[in-house]
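Worksheet: the structure to be examined is printed underneath.
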Amino acid sequence: MPLTLQFLGSARTVTGSNFLVTCGGHRVLVDCGLFQGMKDLRLRNWSPLPVDPATIRAVVVTHAHLDHCGYLPRLARQGFRGPVYCSAASAEPIGLLLPDSGHLQAEFAKIANKKGFSKHRPALPLYTEEEGREALKLLRPIDYDRATDVGGGVNVTLHPAGHILGSAFVEMNAGGVRTVFSGDLGAYDRVVMQPPAPLPPDADYVLVESTYGGRRQDHRPVQEQMRERIGPVLLGGGIVIIPSFAIGRSTLVLYHLRQLVERRELPQVPIFIDSPMATDAVEIYCRFSDEHNLRPDLLRDSHVCPIRPQDVRLVRSVEESKQLNDLKGPAIIIAASGMAAGGRVVHHLHRRLPLRENLVLLVGYQAIGTRGRSLLEGAEKVRIFGDEVRVKAQVAAINGLSAHGDAGDIVRWLGTASRPPKRTFLVHGEEKGLAAMAQKVGGELRFPHSTPDYLAEATLT
Ligand SMILES: [Zn+2]
């Protein structure tokens, strides 16, 4: 049975993870992500897929990040009715993420229409909160390490990827070929997450992420970096804005903040988690304790819980969020999205960027074309809601908090292969990361490899 793979996204770019597998006429999509960042990338979210979504049998989602699952409501709207397989620990955050994504898009369209800064009249959301919620009905949580028949002779098994809670890499057995889709991979030796599981034996093809392919991450202790950056700002009465999604990296940020405050290396100030999805992440970490290193007995004790600092306040309603506009420092505000491309953090940046005493602390990867990337590169002004906002606040990035492994981690993971795969496809990377990964995969590992283009097709035999 001929097996073909088409790269519908994450090809020579980081976002928009979408891989279409066709086996004997049956179609399965691995990941169903949104394109983020540059405008020409975002426009792809609006262009039709090369195949009719109604003909796709199933989707397998690696993890609860929008660039891997955020297109699902759009796919459903275009007629996709099949099951969406994901890990049990992913289903919960996806359940929060998709309605929230719809809500934010509708909100953004409303502001664009009111202020008239969009070329489109009226500006429309890619999907609504309701459509985001509707798509959740298709979710089918499955266990790790257990093969699931997704129809048409295609079997998939999820393995822990160590990137965020619930993240998986996908082993697919179809047409006599074993293909592995890395999704996003975590690192080895992290305080919270367990490392990625080894590759299954005899993988014929591997698609591997290259987000940090060109970099060894700064392993200077994260807490030292945080103390140096955050300490002076809090002492000066400023506000620290941390763009980050409510579950996932925020947990790691809270973990480090708690330790710093306990050791009195940072003053205790209120920490606001501003998100309609702000939930007590503690509960979900308790339930899925196999994937992380935090001790459940400590998690359950609110006095010593390592990811619940003393003064954390969950801000769910829009009203409460607006009240934060009048907040006086010192304080810390954590709000999505991590690349400041959307979400409530954008309002906070609008308000806080023009003031010198504040700090924007970037804690994850910033894709080209996002506001986060512009800030990281020292932009003097950024465009928010049609306004030119002057950047007077300090901007800093913390290394080592990324949920992605660096080049060394990725090579180590590929090195768990029982034999060189027939081909390793380098995906999820920008040009520099991909070029560096190509050198490592070809040089250090001597694996045959290629870097596919957007919409490229490969026959897997
Ligand atoms: Zn991710």
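Using Cα centres only, tell me the gap between region 150-175 and region 99-146 in whole Å.
26
Per residue of region 120-131, what does 6.51 cos²θ - 1.76 cosθ + 1.60 with θ = phi - 60° give for ³J(HN,Hα)? Whole Hz please, x for Gly and Pro, Karplus curve as stated.
8, 10, x, 6, 10, x, 4, 7, 9, 4, 4, 5
Calculated from DSSP H runs of 4 or more alone, at -39500 (n - 2.57) each and per residue, what is the 222 nm mean residue ellipticity of the chain, nearest 500?
Roughly -8000 deg cm²/dmol at 222 nm, from the helical runs in the chain.
Setting aside same-chain residues fewer than 8 positions from Lys440, which lysines have a Cα under 24 Å from its Cα?
Counting by Cα, and skipping residues close in sequence, Lys440 has these lysines nearby: Lys422, Lys432.
Could you sort the peptides 225-231, 375-381, 5-11, 269-275 by per-residue average Cβ neighbour count (10 Å cutoff), highest mean leading?
Top to bottom by mean Cβ count within 10 Å: 5-11, 269-275, 225-231, 375-381.
Could you name the aspartates and glutamates in cross-link range of Lys322, using Cα to Cα under 19 Å and dropping any fewer than eight places away on the same chain?
Candidates past the 8-residue exclusion: Asp100, Glu107, Asp274, Asp387.
For region 72-85, what does the Karplus curve 6.51 cos²θ - 1.76 cosθ + 1.60, with θ = phi - 60°, yield as ³J(HN,Hα) per residue in whole Hz, taken in order and with x for Gly and Pro?
3, x, 5, 4, 5, 5, 8, x, 5, 10, x, x, 10, 8
Provide the percentage of antiparallel DSSP beta bridges, counting only those with both residues in region 222-397; round to the nearest 5.
15
First obtain the Kirkwood hydrodynamic radius of the chain from its Cα pairs, then insert it into the Stokes-Einstein equation at 37 °C and 0.692 mPa s, and state the resulting D in µm² per second as a whole number.
Answer, rounded: 147 µm²/s.
Assuming R0 = 45 Å, can you tell me the calculated FRET efficiency for the pair Lys322 and Arg419, based on Cβ-Cβ distance, to the nearest 0.05?
Using R0 = 45 Å, I get an efficiency of 0.20.
Using only Cα atoms, what is the ratio of the radius of gyration of region 222-397 to 2.2 N^0.38 Å?
Taking N as the residue count of region 222-397, the ratio is 1.00.
Which helices of the chain meet both criteria: a Cα extent of 27 Å or more along the helical axis and a mean Kyte-Doolittle score no lower than 1.0, with helices taken as whole DSSP H segments?
The qualifying helices: there are none.
What is the antiparallel percent of DSSP beta bridges lying wholly in the chain, to the nearest 5?
For the chain, the DSSP antiparallel bridge percentage is about 45.
When the chain is fully extended, how far beyond the present Cα-Cα distance does Arg140 get from Leu124, taking 0.36 nm per residue of separation?
Extending this stretch completely gives an extra 2.8 nm.
Sticking with the crude label model, points 7 Å out along Cα→Cβ, report the distance from Glu380 to Gln78 in nm, one decimal please.
Inter-label distance under the simple model: 4.2 nm.
Since every read-out is calculated from the coordinates, none of them should be taken as a lab result. Nothing here was measured: the structure is a model prediction, and the numbers come from that model. Glycine also receives a Cβ, built like all others from the backbone with ideal geometry; neighbour counts cover every protein chain displayed.
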